[in-house]
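So the structure is just underneath, and the comments pick up after that.
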Amino acid sequence: MNELLKRLGLSQLARALPTLLDEARVQQLSYEAFLRQALEAEIGGRQQRALERRLRAAHLPRRVRLEAFDFSFQPTLSERLIRELASLRFLETATNVLFLGPPGVGKTHPWLYLHWVRPFLLTVVVLFAASHFCTSLRQYIRATLQSAPRHCG
């Protein structure tokens, strides 16, 4: 049966099936309840693999916790604001968040925390140096200007 499940692309179910069958026998589950558990196992496995792929693709340097951030290190950084950002309400209002400042002032830790808090959200989260941002913006503007008409009329 495992081979059939794998051919159908149900690899998570193939792994979970022996345990699910044992539980179904012990609990005397109905066919419908067993099928529900089997499908939930497959969906749960797919969601977990998707999350792991997104986290690998993000190339995050490390996992951080907000509790580990030393707000006394950077007194100009508002702890209240960072905790408000951690609620992720800015996503509901489609508000952009940009951390700006010179090197070593504590921008990366809060950013990493915000990403790890809800990595399963289908949101675009990008971390890069300002110099990289400026270079990318300059390239975009040049490409846009080159494709624009030279004169009007």
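The values are calculated or read from the model by the stated rules, or taken from the named source; none is laboratory data. All of these numbers come straight from a predicted model, not from anything done at the bench. Note that each Cβ is placed from the backbone with ideal geometry, even for glycine, and that neighbours are counted across all protein chains shown.
What are the residues in region 1-19 that are surrounded by 13 or more Cβ atoms within 10 Å (Cβ to Cβ) and touching a Leu at 6+ places or on another chain (Cβ under 8 Å), if any?
Within region 1-19, the first condition is being surrounded by 13 or more Cβ atoms within 10 Å (Cβ to Cβ), and the residues that meet it are 2, 5-6, 10-17.
If the condition is that a residue be surrounded by 13 or more Cβ atoms within 10 Å (Cβ to Cβ) and touching a Leu at 6+ places or on another chain (Cβ under 8 Å), then Asn2, Leu5, Ser11, Leu13, Ala14, Leu17 are the ones that fit.
I need a count of the residues in region 100-115 that are within 16 Å of the chain's Cα centre (by Cα) and of a type in the set (A, V, I, L, M, F, W, C).
Looking only at that region, the number is 3.
Of the residues Arg49, Arg80, Arg15, which single one is at pLDDT 85 or above, in a helix (DSSP H, G or I), in the same structural domain as Thr108 (by TED's automatic domain parsing) and of a type in the set (D, E, K, R)?
Arg80
Counting only residues that are surrounded by 10 or more Cβ atoms within 10 Å (Cβ to Cβ) and under 19 Å from the mean Cα position of the chain (by Cα), which one in region 60-77 is modelled with the lowest pLDDT?
Leu60
For every residue, the table says whether it meets (1) out of contact with any Phe, Trp or Tyr (no Cβ under 6 Å at 6 or more places or on another chain); (2) within 25 Å of Leu51 (Cβ to Cβ).
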site: Thr76; (1), (2): yes, no
site: Arg83; (1), (2): yes, yes
site: Thr93; (1), (2): yes, yes
site: Asn96; (1), (2): yes, yes
site: Phe99; (1), (2): no, yes
site: Pro110; (1), (2): yes, yes
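Go through the residues of region 37-59 one by one and say whether even a single one is closer than 21 Å to Ala130 by Cβ and surrounded by 13 or more Cβ atoms within 10 Å (Cβ to Cβ).
Looking for residues that are closer than 21 Å to Ala130 by Cβ and surrounded by 13 or more Cβ atoms within 10 Å (Cβ to Cβ), one finds at least one in region 37-59, hence yes.
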